[in-house]
Amino acid sequence: MPEKEKKKFTYTQLAELLVKESDIHEGYWGLFLEFGLGGANLPIADPDGQMVLRPAAIIPVSVIGIQEFGGPNPLTVDAAEVNPKPKGTSKRRKKTGSGTV
């Protein structure tokens with residue numbers, strides 16, 4: 001069976017995508033992750049190759065998001081650069097429609 005296609009992203013690529021999806025136009029933004037903590041007895045191979053139960057920690061990623069940072073760093077994107085405000089958004093549209101005279 002052929003291997004399924006994989007796509008890889010850097011931290012800043014993911015931050016840029018989430019800034020655009022969140023319609024953010026200013027500030028320095030980067031990823032954050034929240035982790036959980038659990039435990040279980042898992043079968044592990046000992047040095048002789050025998051399977052034995054051992055207590056193990058399980059640390060799942062429970063939340064992935066973006067947060068605003070106070071300034072730039074290697075893991076942030078500038079929202080003003082990657083998702084600038086559309087030009088002309090401050091203009092109001094003229095109302096059209098039938099009014100009573």
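Numbers at a glance
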item	result
Top-ranked residue of the stretch 60-86 - restricted to ones that are surrounded by 10 or more Cβ atoms within 10 Å (Cβ to Cβ) and assigned to a loop (DSSP other than H, G, I, E, B), ranked as farthest from the chain's Cα centre (by Cα)	85
Matching residues, the stretch 54-77, being under 19 Å from residue 10 (Cβ atoms) and hydroxyl-bearing (Ser, Thr, Tyr)	76
Residues that are more than 22 Å from residue 83 (Cα to Cα) and either under 17 Å from the mean Cα position of the chain (by Cα) or surrounded by 10 or more Cβ atoms within 10 Å (Cβ to Cβ) (or both), drawn from the stretch 6-19	7
Verdict on residue 17 being touching a Phe, Trp or Tyr at 6+ places or on another chain (Cβ under 9 Å) and free of Cβ contacts under 8 Å to residues at least 24 places away in the same chain	yes
Of all residues making up the stretch 35-53, the number that are surrounded by 10 or more Cβ atoms within 10 Å (Cβ to Cβ) and either among the basic types (Lys, Arg) or closer than 30 Å to residue 12 by Cα (or both)	1
Breaking point among (1) on the phi < 0 side of the Ramachandran plot; (2) modelled with pLDDT under 95, for residue 97	(1)
Odd one out for residue 22, checked against (1) under 12 Å from residue 79 (Cβ atoms); (2) surrounded by 14 or more Cβ atoms within 10 Å (Cβ to Cβ); (3) not aromatic (Phe, Trp, Tyr)	(2)
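Each row is one residue, and each column tells you yes or no for (1) assigned to a helix (DSSP H, G or I); (2) touching a Lys or Arg at 6+ places or on another chain (Cβ under 8 Å); (3) of a type outside the set (D, E, K, R).
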position: 14; (1), (2), (3): yes, no, yes
position: 18; (1), (2), (3): yes, no, yes
position: 24; (1), (2), (3): no, no, yes
position: 29; (1), (2), (3): no, no, yes
position: 32; (1), (2), (3): no, no, yes
position: 42; (1), (2), (3): no, yes, yes
position: 48; (1), (2), (3): no, no, no
position: 52; (1), (2), (3): no, no, yes
position: 55; (1), (2), (3): no, no, yes
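The values are calculated or read from the model by the stated rules, or taken from the named source; none is laboratory data. Quick caveat, the model's predicted, so the values are computed rather than measured. FYI the Cβ positions are ideal-geometry reconstructions off the backbone, even for glycines, and counts take in every protein chain you see.
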